[in-house]
1. Which count do you get for residues in region 298-312 that are surrounded by 19 or more Cβ atoms within 10 Å (Cβ to Cβ) and hydroxyl-bearing (Ser, Thr, Tyr)?
2. Within region 207-233, which residues are free of Cβ contacts under 8 Å to residues at least 12 places away in the same chain and of a type in the set (Ser, Thr, Tyr)?
3. Here is a list: Glu35, Glu79. Which entry is more than 21 Å from Arg101 (Cβ to Cβ), of a type in the set (Asp, Glu) and free of Cβ contacts under 8 Å to residues at least 40 places away in the same chain?
4. Looking only at residues that are part of a helix (DSSP H, G or I) and of a type in the set (Val, Ile, Thr) in region 32-49, which one is surrounded by the most Cβ atoms within 10 Å (Cβ to Cβ)?
5. If I go through region 219-236 residue by residue, how many of them are surrounded by 18 or more Cβ atoms within 10 Å (Cβ to Cβ) and closer than 22 Å to Ala300 by Cβ?
6. Take the conditions out of contact with any Phe, Trp or Tyr (no Cβ under 6 Å at 6 or more places or on another chain), under 20 Å from Thr3 (Cβ atoms) and among the small types (Gly, Ala, Ser) and apply them to Ala64. Does it pass?
7. Which numbered condition in (1) modelled with pLDDT of 85 or more; (2) assigned to a helix (DSSP H, G or I); (3) among the hydrophobic types (A, V, I, L, M, F, W, C) is the only one that Phe29 fails?
8. Which count do you get for residues in region 218-246 that are hydroxyl-bearing (Ser, Thr, Tyr), over 18 Å from Phe313 (Cβ atoms) and either part of a loop (DSSP other than H, G, I, E, B) or outside the structural domain of Ala286 (by TED's automatic domain parsing) (or both)?
Amino acid sequence: MATVTSFQALSFPGKSELRQFAELFQPLFANSTVEARREAVAALSQSPNLPMAITVFIATQPIAIAAPFLAASPALTDEMLVMIARTQGADHARAIVKRERLSPTVIDALVGLRHSETARDIERKLARETVQTTGMAMGAAAGETGAMPALNAIPNVRRTEMDIPPPPTDDERLAREEELRLQIKRLAQHLNPSDNDRLGRRTVSQMQAALLIRFARSHEGGHFATTLADLLSSSRWLAERILLDISGRQLATTLVGVAMPLAETVFVLEHIYPHLARAEGGVSRADRLVSSLDPHDCEARVDSWQRADSYTFGTDGGTDGEETRVTAASNGPRAAVAPSPPASARKPVGDELGRQLLRARKR
């Protein structure tokens, strides 16, 4: 326990401390009492940094000692848990089930081991329990009458006479295991949805994608900006600001964020920004740019742009384009200020220069 306590006092043990602890622990563990072993294992079950040899050594001990370590140790990886459940038996597997968090991999392995007992083992267990129950009942009756029945008088109760359901067949067991695996996979998909699941997310339609490709091919920048603004449900100013990035990264982020196909995204980028059509190592710059983007990050970036645009132009419909401000004096009457112009008529300051640059580049 002194060795364990001194090791736990190290917040971040180095390689030398881990090696020294691994060399000292096993001999001391072998020469300790059972109670000292349990206390040491219970203390080490809270340590996140343990040598791998000590972790496997403790996890493979008898269940009376290893149970708290299997149920709570953060040092056990998923691979170790699966290996221990498959090699150490049902008692170790039950201790692993008591952990607070189990990954889908470990759960899948435990489900596969749940029905590993054969039908013969189940029949033997039922027969043993039946004989023990019958023997206890007859012993109690003999205590009341003062006579002890002979061992041969215990009836040979069969499984069919007790109406005990038969053990599942191999086909039933496999079907149940497959159903449990599918259920676990469906539950895990809620945490990590696939890229094809676009329910409730901004997605480009086939018509919008066709219009973007057509306007990019014909170099119609005005129509392209209008279609992009319609796709984002934003103002035209946001679409033009995205196109003003001559590196093409903002437009690539937008098209990837709305789940536009890769080939169509590369085609649009190469026609809007001709320098992205140049090949480097057999791959165009546009293709390399799109491949470097993460779809989830792009989607989050597009949503932030759209929110900022709605705050700037008031397209969220909160005031319907009209605002009435009231100023109140301390003791005087209130005076209403003239309503501000509609949101569609407001423009950000300094945008005219950007529009001129866009027109010059499109010529």
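The values are calculated or read from the model by the stated rules, or taken from the named source; none is laboratory data. Quick caveat: nothing in here was measured; it's all calculated off a predicted structure. Here the Cβ positions follow ideal geometry from the backbone for every residue, glycine too, while neighbour counts run over all protein chains shown.
1. The total comes to 0.
2. Passing the criteria: only Ser218.
3. Values: Glu79 fails: more than 21 Å from Arg101 (Cβ to Cβ).
Being more than 21 Å from Arg101 (Cβ to Cβ), of a type in the set (Asp, Glu) and free of Cβ contacts under 8 Å to residues at least 40 places away in the same chain holds for just one of Glu35, Glu79, which is Glu35.
4. Our first condition is that a residue be part of a helix (DSSP H, G or I); within region 32-49, this holds for 34-44.
Narrowing the set further to residues that are of a type in the set (Val, Ile, Thr) leaves 34, 41.
On the way: Val34: 10, Val41: 22.
So the residue we want is Val41.
5. The qualifying residues number 6.
6. In short, no.
7. So Phe29 meets the others, but not (1).
8. Restricting attention to region 218-246, the residues satisfying the condition of being hydroxyl-bearing (Ser, Thr, Tyr) are 218, 226-227, 233-235.
Within this subset, residues satisfying the condition of being over 18 Å from Phe313 (Cβ atoms) are 218, 227.
Filter once more, keeping what is either part of a loop (DSSP other than H, G, I, E, B) or outside the structural domain of Ala286 (by TED's automatic domain parsing) (or both): 218.
Looking only at that region, the number is 1.
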